[in-house]
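In what follows, a single structure is set out as structure tokens and then discussed.
The values are calculated or read from the model by the stated rules, or taken from the named source; none is laboratory data. Since this is a predicted model, take the numbers as computed values, not measurements. Cβ placement follows ideal geometry from the backbone for every residue including glycine, while neighbour counts extend to all protein chains displayed. When the accessible area is computed, the model is the full protein with side chains, heavy atoms only, and any ligands, DNA or RNA have been set aside. Shrake-Rupley method; radii C 1.70, N 1.55, O 1.52, S 1.80 Å.
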Amino acid sequence: MTSTHTVINPATEEAVAEVEMADLAAADAAIERAAEAFPGWRDTAPGERARLLRRFAAIVDEHVPELAELEVRGSGHTWGNATWEAGNVRDVLNYYSAAPERLTGLQIPVPGGVNMTFHEPLGVVGIIVPWNFPMPIAGWGFAPAIAAGNTVVLKPAELTPLTAIRLAQLALDAGIPEGVLTVVPGKGSIVGERFVTHRSVRKVCFTGSTEVGKKIMAGCADQVKRVTLELGGKSANIVFADADLAGAAAAAPGAVFDNAGQDCCARSRILVERSAYDEFVSHLQPAVAAVKVLDPADRSSEMGPLISAAQRATVQGFVDEAEVAFTGSAPEGPGYWFAPTVVLADDPQERIWREEVFGPVVAVMPFDDEAHALELANDTEFGLSGSIYTRDIGRALRVSRGVEAGNLSVNSHASVRYWTPFGGFKQSGLGRELGPDAPHGFTDVKNVFISHD
């Protein structure tokens, strides 16, 4: 029996839409449709698949304002962020539209014949998308998957399904055949679990918490099902005394308060060389105060609300245990607002230093030297992202190689570019998304030897 979910605007707490949630039978039906569509899509000429992906990208481009508006109302994203996110879907589709005609194998020299390899699509791919970045993370999964000849069933987060549903409609408008991209709103315990257990789903891509990722990985092991996991983070922003301290402090709020801190790449731990600590913090306070926390419908807003009352309560629980240095501002009244907050930490065992807050809270701690910075940065089960601020190129390279994380930036906080690989070390994930090799993650390599004797 199906149920419905009311999508709530996090900035106003008002109802936005009612969305039907799939039950087990509906999830099975969607997977079966995708399985039926797979042979035809796999056998579609590469040039035609490429043309349809370009057409899909063009239609998304025409609907960027509409998609952005949906995300502003349904997810509480600022207009600037939501517009970028819709544009990112367009750009990722364009990027991977080149893949069908370039997914080449190898001719390997062997005695007695010819040896060739082929990248064969897997079949049905199940993609489970989180609520923090509904559009981009959906695109990072479905674009390379369908480019490689697979069909996709995609489960958006219960809280934020609206843009995924619209993207599936736009795919049909672009001429993508029925069953190639199917969005299945529903609970993780029903739809997501069915992606794991259904034998027609050959791979699961999951972005979300490490705890749930471990369960998905364990479930996929039963069928030796392929899996890509992009999980939690507790990334470090390491600031050395020789850095442009004013510039590093000015950039730090954007690295952690973007999307109200609901970002697995958030640099939620700032490590500052002790000799520069006081100066850095003095620059950080006005930078935090300057963050414009406004209704996302206001085009000048730089930070919106948290996604839900439950998430706000979780974030508050972390802050209640910490030493707050200073905060920014946030609106009063309806909405799940939380002011940008800076806490001071001196013990690496503090919960706020070790656990993912997933809110606009950053902890600052001093370090003594390069070795101490690496010790503190790596003392975590996570390893997704991070930043290093220094003018010393040798140190930048040494520390970059020493930090146990998959995506690092020097004198920058950029984490994601669709043309470079993205993924984590340790318990931040398994596998890589994006970049030129992403379609290979949705294929198996077949080796064929042809004897000429």
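Across region 155-177, what is the number of residues that are closer than 11 Å to A138 by Cβ, assigned to a loop (DSSP other than H, G, I, E, B) and of a type in the set (A, V, I, L, M)?
1
Tally up the residues in region 1-53 that are hydroxyl-bearing (S, T, Y) and either closer than 16 Å to T182 by Cβ or free of Cβ contacts under 8 Å to residues at least 60 places away in the same chain (or both), please. Give the steps one after another, and end with the answer.
Residues of region 1-53 hydroxyl-bearing (S, T, Y): 2-4, 6, 12, 44.
Among the residues that remain, those that are also either closer than 16 Å to T182 by Cβ or free of Cβ contacts under 8 Å to residues at least 60 places away in the same chain (or both) are: 2-4, 6.
Counting residues in region 1-53 that are hydroxyl-bearing (S, T, Y) and either closer than 16 Å to T182 by Cβ or free of Cβ contacts under 8 Å to residues at least 60 places away in the same chain (or both) gives 4.
Identify the single condition in (1) part of a loop (DSSP other than H, G, I, E, B); (2) more than 17 Å from V362 (Cβ to Cβ) that D263 does not satisfy, given that it satisfies every other one.
Single failed check for D263: (2).
From the list A405, A438, exactly one residue is in contact with a helix residue (DSSP H, G or I) (Cβ under 9 Å, 6 or more places away or on another chain), touching a residue at least 60 places away in the same chain (Cβ under 8 Å) and closer than 30 Å to N115 by Cα. Which is it? Quick ask: steps written out before the conclusion?
Working: A405 fails: closer than 30 Å to N115 by Cα.
Criteria check complete, one pass: A438.
For (1) over 24 Å from L231 (Cα atoms); (2) in contact with a helix residue (DSSP H, G or I) (Cβ under 9 Å, 6 or more places away or on another chain); (3) in a loop (DSSP other than H, G, I, E, B), each residue gets a yes or a no:
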{"residue": "R49", "(1), (2), (3)": "yes, yes, no"}
{"residue": "R54", "(1), (2), (3)": "yes, yes, no"}
{"residue": "R73", "(1), (2), (3)": "yes, yes, no"}
{"residue": "E101", "(1), (2), (3)": "yes, yes, yes"}
{"residue": "T104", "(1), (2), (3)": "yes, no, yes"}
{"residue": "W131", "(1), (2), (3)": "no, yes, yes"}
{"residue": "M135", "(1), (2), (3)": "no, yes, no"}
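Quick one: which residue in A11, A27, A58, A68 is of a type outside the set (S, T, N, Q), under 24 Å from the mean Cα position of the chain (by Cα) and not in a helix (DSSP H, G or I)? Before the answer, list the steps.
On the way: A27 fails: not in a helix (DSSP H, G or I); A58 fails: not in a helix (DSSP H, G or I); A68 fails: not in a helix (DSSP H, G or I).
That would be A11, the only listed residue that is of a type outside the set (S, T, N, Q), under 24 Å from the mean Cα position of the chain (by Cα) and not in a helix (DSSP H, G or I).
Condition first: of a type in the set (A, V, I, L, M) and open to solvent by 30 Å² or more (accessible area, probe 1.4 Å). Now tell me which residues in region 107-142 satisfy that. Spell out how you get there, then give the answer.
Looking only at region 107-142, we keep the residues that are of a type in the set (A, V, I, L, M), and these are 108, 110, 114, 116, 122, 124-125, 127-129, 135, 137-138.
Passing the criteria: I108, V110, V114, M116.
Name the residues in region 185-199 that are hydrophobic (A, V, I, L, M, F, W, C) and open to solvent by 10 Å² or more (accessible area, probe 1.4 Å), would you? Give the derivation first.
Filtering region 185-199 down to residues hydrophobic (A, V, I, L, M, F, W, C) leaves 190-191, 195-196.
Matches in region 185-199: I190 only.
What number of residues within region 224-244 are among the aliphatic types (A, V, I, L, M) and out of contact with any Ser or Thr (no Cβ under 9 Å at 6 or more places or on another chain)? Steps first, please.
As a first pass, look at region 224-244 and keep what is among the aliphatic types (A, V, I, L, M): 224, 227, 229, 231, 236, 238-239, 241, 243.
Still in the running and out of contact with any Ser or Thr (no Cβ under 9 Å at 6 or more places or on another chain): 224, 227.
Here the count works out to 2.
Being hydrophobic (A, V, I, L, M, F, W, C) and not in a loop (DSSP other than H, G, I, E, B) is the filter here; which residues of region 140-154 pass it?
Quick first cut of region 140-154, residues hydrophobic (A, V, I, L, M, F, W, C) only: 140, 142-143, 145-148, 152-154.
The answer is W140, F142, A143, A145, I146, A147, V152, V153, L154.
So which pairs qualify, if the first residue must be in region 128-149 and in contact (Cβ under 8 Å) with a residue 12 or more places away in the chain and over 11 Å from T207 (Cα atoms), the second must be buried (at least 24 other Cβ atoms within 10 Å of the Cβ) and among the polar types (S, T, N, Q), the Cβ gap must be under 6 Å, and the two must be at least 6 apart or on different chains?
Qualifying pairs under 6 Å: M135/T163.
Of all residues in region 76-106 being aliphatic (A, V, I, L, M) and surrounded by fewer than 24 Cβ atoms within 10 Å (Cβ to Cβ), which is nearest to L167 (Cα to Cα)? Lay out the reasoning, then the answer.
Residues of region 76-106 that are aliphatic (A, V, I, L, M), as a first pass: 82, 86, 89, 92-93, 98-99, 103, 106.
Applying the additional criterion that residues be surrounded by fewer than 24 Cβ atoms within 10 Å (Cβ to Cβ) yields 98, 103, 106.
On the way: A98: 20, L103: 25, L106: 35 Å.
Filtering first and then ranking leaves A98.
What number of residues within region 200-216 are part of a helix (DSSP H, G or I), open to solvent by 10 Å² or more (accessible area, probe 1.4 Å) and not hydrophobic (A, V, I, L, M, F, W, C)?
Our first condition is that a residue be part of a helix (DSSP H, G or I); within region 200-216, this holds for 210-216.
From what's left, open to solvent by 10 Å² or more (accessible area, probe 1.4 Å): 210-212, 214-216.
Now drop any that are not not hydrophobic (A, V, I, L, M, F, W, C), which leaves 210-211, 214-215.
Summing the residues that are part of a helix (DSSP H, G or I), open to solvent by 10 Å² or more (accessible area, probe 1.4 Å) and not hydrophobic (A, V, I, L, M, F, W, C) in region 200-216 gives 4.
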